[in-house]
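The structure appears right after this line, and notes come after that.
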Amino acid sequence: MSLSATTAPPSPAPPPPDVAARRRRGSLLNRLDLKYSPYLYIAPFFLIFGIFGLYPMLRTAWMSLHDWDMVGDHTFIGLDNYIELFSDDYFWNALVNTFGMFALSTIPQLLLALFLATLLNRTFLRAKTFFRMAIFVPNVVSVAAVAIVFGMLFQREFGLINWLLSLVGVDQIDWRAHSWSSWTAIATMVNWRWTGYNTLILLAGMQAIPKDLYEAAEIDGAGQWRQFWQITLPMLRPTFLFVVILSTIGGMQLFTEPLLFANGSIIGGNQREYQTLAMYMYEKGIYNLSTAGYGAAVAWAIFMIIVLVSLINFILVRRSAK
Amino acid sequence: MISASQRLWRTSPLTYVALVLAALLSIYPFYYMMVIGTRSLDSINDVPPPMTPGGAFGDNFGRVLDNDAANFLTGMMNSIIVSSVVTISVVLTGSLAGFAFAKLRFRGRNILLLAIIVTMMIPTQMGLIPLWGMMQELGWYDSLYAVIVPFLVTGFGVFMMRQYASQAISDELIEAGRVDGASTFRIYWNIVLPALRPAAAVLGLLTFMENWNSFLWPYAILTPENPTLQVSLSFLSYAYYTDYSQVFAATAIGTLPLVLVFILFGRQIIGGIMEGAVKS
């Protein structure tokens, strides 16, 4: 068009002289700022994590290869600590206990969370926020407080749970005296504190599923149950994996609940009925400073177990996709 | 058209029964804490067990305060100091680094971000034993430094702020700041930080709760003379385990602040947790 040919392109207005001068003056500083300030901003994280997170972890590995006394000498012994672990009855006992409590907490907890999340996901539910908050509120309480309250609920002579059981004719149970009963009591604490959290995570996953999938299923005449099996569960798989792995990391490090259930005894019950791996690590590494190297080996064993269990979960969930 | 009441009943009454039951189970232990904490000690052995609050709270909590061995008030003060300092630091360092990862270009950005995500998956107990030794060498055994300094930054904080910053702050906004000649830090302080406020509030609440409730590390590194609240509670619970009403009065008071925070900000906390779940 002739008009545009004759009109000069709009030239940018020249910057006011003072701004231009400031830019020139500051240009070196400016370039340094642009180039290096990002590193400055991320430095605090890497610095503090490096010193108090990464370094201790590597040091755990190094210590585990030694006969290491925290307040004395240390000698390099290669993998001897790990070999000793294999024939250490107390270690196997702690491993069995940890898995027992893990199973009693994770499995019922995730099923219940899945059920509650399905209910909370109903479109026309009233008082949504109230129910969400009520179900989540146990997570706000400290583990120490939970252990104190449930320790009392599971008290032998006048605990509420034994009283309720007596109403249906069950004799007083000494919850702290057997493996199965102490595991149940401790798992109950974990379940109470974490079911609501997992419910919310699963609910968030459910809400991210596209609505038109359900609408299409509705048109095809699929009932609610069928929709749950064919749409909700498969689409929820990544969220479910996330929740399972979080539970695994938490479950393998279980410490406070059993410790307080045992009134602070690090061996967890008279016959170590409910000593967990984390308690055993503490017993060997900090409670007895002279066996810190062995405690470090227990720490790495816990880490490897977590990786292994997470991997198994990952593969199982993956396989169920096919 | 369906009326509101019909809609209500499309959600079956059984759903409500189940949800109300779950809510009651969630809330009952709080109530129980209150019942035992306000009862005199001799009513604990009643059959059936006491179900309603009593009037002995003042007496019970008085015993907590008189208990020289438990240092309850010191624990309370320490917990307030530790949780506040850590929370402020986590929010500031998290938003600063999150801003850098979301909005600034620099070499190695992606690999460093990945490194931070990996740190979030490391079990926290891994370094416990050497960290304990390090604190001895630093002279921080039984000092609040030991429970503050290692926790001043979290990978979760950086990651969460990065996620929020990348969607909440437009590149134009930052460009506009640059054209005005603002330094990067000025842009962070005057433009980015105010825009990050909603996410910073949620991160702050979660961080405060986590540190208020933290147990294993404070238990390992502090003594009963200079405890955090949780360490004081645990000490009370096994040194005075026969005096249930005293222990429960202390537990109720120690739990109360977070319950209040949750009643005030629960909606935001829940929103933050659910959003975080979808993104990761």
Review point. Before we move on, is residue A:254 under 29 Å from residue B:129 (Cβ atoms), within 11 Å of another protein chain (Cβ to nearest Cβ), touching a residue at least 40 places away in the same chain (Cβ under 8 Å) and not in a helix (DSSP H, G or I)?
Key: yes
Study note, to complete from the structure: Of B:120, B:33, B:76, the only residue that is of a type in the set (A, V, I, L, M, F, W, C) and not assigned by TED's automatic domain parsing to the domain that holds residue B:211 is B:33
**Study point:** Residues that are at pLDDT 95 or above and either acidic (Asp, Glu) or outside any helix (DSSP H, G or I) (or both), drawn from the stretch A:88-128
**Key:** A:88, A:89
Check your understanding: How many of the residues making up the stretch A:129-142 are part of a loop (DSSP other than H, G, I, E, B) and either more than 7 Å from chain B (Cβ to nearest Cβ) or touching a residue at least 24 places away in the same chain (Cβ under 8 Å) (or both)?
Key -> 1
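If you go through the stretch A:220-239 one residue at a time, how many are more than 19 Å from residue A:122 (Cα to Cα) and in contact (Cβ under 8 Å) with a residue 24 or more places away in the chain? Spell out how you get there, then give the answer.
In the first step, residues of the stretch A:220-239 are kept if they are more than 19 Å from residue A:122 (Cα to Cα); the result is A:220, A:237-238.
Now restrict to residues that are in contact (Cβ under 8 Å) with a residue 24 or more places away in the chain: A:237-238.
Count: 2.
Pick out the one residue from A:209, A:201 that is outside any helix (DSSP H, G or I), of a type in the set (Val, Ile, Thr) and at pLDDT 90 or above. Don't jump to the end; show me each part of the working.
Numbers: A:201 fails: outside any helix (DSSP H, G or I).
Among A:209, A:201, only A:209 is outside any helix (DSSP H, G or I), of a type in the set (Val, Ile, Thr) and at pLDDT 90 or above.
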Practice item. State which residue is modelled with the highest pLDDT when the search covers only the stretch B:236-256 and only residues that are surrounded by fewer than 17 Cβ atoms within 10 Å (Cβ to Cβ) and more than 20 Å from residue B:219 (Cβ to Cβ). Key: B:256
Practice item. Would you check if there is a residue in the stretch A:64-81 being assigned to a helix (DSSP H, G or I), at pLDDT 95 or above and either crowded, with 18+ Cβ neighbours inside 10 Å or hydroxyl-bearing (Ser, Thr, Tyr) (or both)? Key: yes
Revision key, fill the gap. Heads up, the helices (runs of 4 or more DSSP H) in the stretch B:140-243 (entirely inside) with at least 2 residues that are under 26 Å from residue B:119 (Cα atoms) and touching a helix residue (DSSP H, G or I) at 6+ places or on another chain (Cβ under 6 Å) are B:144-148, B:155-168, B:197-213, B:216-221
Practice item. Could you list, in sequence order, all residues of the stretch B:225-280 that are more than 10 Å from chain A (Cβ to nearest Cβ) and among the charged types (D, E, K, R)? Key: B:225, B:243
Review point. Failed condition for residue A:84, given (1) more than 28 Å from the chain's Cα centre (by Cα); (2) modelled with pLDDT under 95; (3) in a helix (DSSP H, G or I), with all others met?
Key: (2)
**Study point:** Lone unmet requirement of (1) in a helix (DSSP H, G or I); (2) over 18 Å from residue A:152 (Cβ atoms) for residue B:29
**Key:** (2)
Review point. Name the residues in the stretch A:164-198 that are surrounded by fewer than 16 Cβ atoms within 10 Å (Cβ to Cβ), part of a helix (DSSP H, G or I) and among the hydrophobic types (A, V, I, L, M, F, W, C), would you?
Key: A:164, A:165, A:167, A:180
Check your understanding: Cβ-Cβ below 7 Å, separation at least six or inter-chain, first residue in the stretch B:119-143 and more than 10 Å from chain A (Cβ to nearest Cβ) and more than 16 Å from residue B:155 (Cα to Cα), second of a type in the set (Gly, Ala, Ser) and assigned to a helix (DSSP H, G or I): which pairs?
Key -> B:140/B:146
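Is the stretch B:248-255 home to any residue that is over 30 Å from residue B:74 (Cβ atoms) and either in a helix (DSSP H, G or I) or touching a strand residue (DSSP E or B) at 6+ places or on another chain (Cβ under 9 Å) (or both)? Don't jump to the end; show me each part of the working.
Step one: filter the stretch B:248-255 for residues over 30 Å from residue B:74 (Cβ atoms), giving none.
No, that holds for no residue.
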Point to revise | Subset of the stretch B:23-50 (residues that are closer than 16 Å to residue A:146 by Cβ and facing chain A (nearest Cβ under 7 Å)) | key: B:26, B:27, B:29, B:32, B:33, B:36
Check your understanding: So, of the residues in the stretch A:257-297 that are over 21 Å from residue A:182 (Cβ atoms) and in contact with a Lys or Arg (Cβ under 7 Å, 6 or more places away or on another chain), which turns out to be nearest to the other protein chains (Cβ to nearest Cβ)?
Key -> A:295
Revision key, fill the gap. Residues in the stretch A:143-158 that are facing chain B (nearest Cβ under 8 Å), in contact with a helix residue (DSSP H, G or I) (Cβ under 6 Å, 6 or more places away or on another chain) and over 14 Å from residue B:247 (Cβ atoms) total 2
Point to revise | Residue among B:264, B:203, B:196, B:216 that is more than 13 Å from the chain's Cα centre (by Cα), crowded, with 22+ Cβ neighbours inside 10 Å and either under 22 Å from residue B:152 (Cα atoms) or hydrophobic (A, V, I, L, M, F, W, C) (or both) | key: B:196
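The values are calculated or read from the model by the stated rules, or taken from the named source; none is laboratory data. Bear in mind the structure is a predicted one, so any value in this text is a computation, not a measurement. Neighbour counts run over all protein chains shown; Cβ positions are idealised from the backbone, glycine included.
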